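Readers should treat all values here as calculations from the given coordinates under stated rules, not as data from a laboratory. All values reported here derive from a predicted model rather than from experimental measurement. Cβ placement follows ideal geometry from the backbone for every residue including glycine, while neighbour counts extend to all protein chains displayed.
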Amino acid sequence: MTADRANLIGLSRAELTARLATLGEPAFRARQVWHWLYCRGARDFSEMTTLSKALREKLAMSAAIVRPEIVTEQRSADETRKWLLRFADGKEAETVYIPEADRGALCISSQVGCTLTCAFCHTGTQPFVRNLGPAEIVGQVMIARDAYGEWPTPQDQRWISNIVLMGMGEPLFNYDNIATAVTILMDAEGIGISRRRITLSTAGVVPLIRRVGEELAVKLAVSLHAATDDLRDVLVPLNRKYPIAELMQACRDYPAADNARRITFEYVMLKGVNDTVADAKALARLVAGIPCKFNLIPFNPWPGAPFECSSNEAMVRFATILNDAGYTAPLRTPRGRDIMAACGQLKSASERERLSRWKARLAAGIVDDHHPAATVSA
Ligand code: SAH
């Protein structure tokens, strides 16, 4: 059934054009289909009324429009909204919508699990499963648009105004799929989210940073978290491969940054680890000359985490030093904590629930092969 009907979501424009060419259709048909998929949000070929009935039927026979399946949807007291999505192979990932007064950012995942093992991140304690494909990355945005009724693509006021690639996974370890997906999201005849409203967050995969700037020109966020290699080696093990000096050089050379498009340095506030006056001063010195701002993130604790969040006093002191050095450094208010939608926690609650359900079944003598690890092991 759907398995052998290829999903049209996630194909680049060139791929979609080639697919329609195999059905004997000219390029302008691909453009019409693109419009239905990404501007109108069509879920079925029968909606595509600018195509002949014969073509709609031909498409329905040979292709499909597949979004991820929604497993659960949770809404936080602060209106943060989280979807647990399941893909065709049963693997799952989460997407979070963080509303502001008249707009909002959608935080999307790039991988199921993560290979990075950052010391403070709960995702790092879960096994890496696989990269998400372009359809699965774009599909996260389409699900959120469905939920907010944002079809056809609104011209001005939008709930989903910004996209942040800050969910589960390291986007630069999945560059090709991210690039295809981001190109689809930016297309003006479709979902139409401008590159200025898309932020890619990386732990610092230095060799790919320039390409992001040249090929996608989206905004860059870098998870810095420490001002010295000794500390960053421990907090973000990727630093052993790409140390701070190389990372800072890549930021200085980032082609898509200037004063209007500053690089964001993310910095998780860890009590007694990276939150002293000396740390703040070292940080300000480190980034000198880079058009940048900071995003100070209060550490989101998780069960068994070897860290605590810095005190309010320490965080305010830290922010003040960066402000005095001339940098914007807002202290983020954690959002969606009640639904485990905060940084580094995506999917951990659902994994835990599944684990406890499974343990209960085991205790009751019900043994089946739905081991929770089945959804997280490669
Ligand atoms: N791999 C990418 C994107 C995913 S992580 C990256 O490293 O940037 C998104 C952000 O959440 C990163 O800045 C990460 O360091 C931060 N983060 C992870 N776990 C956290 C936690 N428990 N508390 C606060 N921030 C966390």
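Can you give the extra length, in nm with one decimal, that the chain gains between E79 and A260 once fully stretched, where that is 0.36 nm per residue apart less the Cα-Cα distance?
Details: separation 181, 0.36 × 181 = 65.16 nm, distance 2.95 nm.
Roughly 62.2 nm would be gained on extension.
Computed extension length for T328-T115: 73.6 nm, one decimal, from 0.36 nm per residue of separation with the Cα-Cα distance subtracted.
In the chain, the DSSP beta bridges split such that about 45 percent are antiparallel, to the nearest 5. Annotation for L23 and K293: the two label points, set 7 Å from Cα along the Cα-Cβ direction, are 4.4 nm apart. What's the FRET efficiency of E47 with A88 using the Cβ-Cβ distance as r and R₀ = 25 Å, to the nearest 0.05? Efficiency at R0 = 25 Å is approximately 0.70. On the principal axes of its alpha carbon atoms, the chain extends 70, 60, 39 Å, with the longest extent given first. Once backbone amide H atoms are built at 1.01 Å from N, C309 has K271 as its partners under 5 Å, excluding neighbours fewer than 5 places away on the same chain.
In terms of its C-alpha gyration tensor, the range 6-64 comes out rounded, because the ratio a/c of the largest to the smallest axis stays below 1.5.
Here the label points at M61 and Q32, each 7 Å from Cα along the C-beta direction, are separated by 1.8 nm in the simple model. Residue order for E313, E266, E57, fewest other beta carbons within 10 angstrom first, comes to E313, E57, E266.
This model, with +1 at the C-beta of Lys and Arg and -1 at the C-beta of Asp and Glu, gives the chain a dipole about its Cα centre of some 340 debye. Cβ crowding within 10 Å, taken as a proxy for footprinting-reagent exposure, orders Y38, Y148, Y175 from fewest neighbours to most as Y148, Y175, Y38.
Can you bin the range 45-159 into rounded, prolate or oblate? Criterion: square roots of the alpha carbon gyration tensor eigenvalues sorted a ≥ b ≥ c, rounded for a/c under 1.5, prolate for a/b above b/c, oblate for the rest.
oblate
Taking label points 7 Å from Cα along the Cα-to-Cβ direction, E189 and Q249 give a separation of 4.2 nm. Shape descriptor for the range 79-136: Rg over Rh equals 1.02 (Cα atoms; Rh from the Kirkwood inverse mean 1/r).
Ranked for footprinting exposure by Cβ neighbours inside 10 Å, fewest first, C39, C107, C118 give C39, C118, C107.
Please compute the Kirkwood hydrodynamic radius over the range 185-310, one decimal place, Å, based on all pairs of different Cα atoms. Before the final figure, lay out the partial values.
Values: mean 1/r = 0.0647 Å⁻¹.
Roughly 15.4 Å, rounded to one decimal.
Taking Cα atoms only, the orientation of helix 175-186 departs from the longest principal axis of the chain by about 70 degrees. Summarised as an ellipsoid, the range 264-337 has semi-axes of 22, 13, 11 Å, derived from the eigenvalues of the Cα gyration tensor scaled by 5 and square-rooted, with the largest first.
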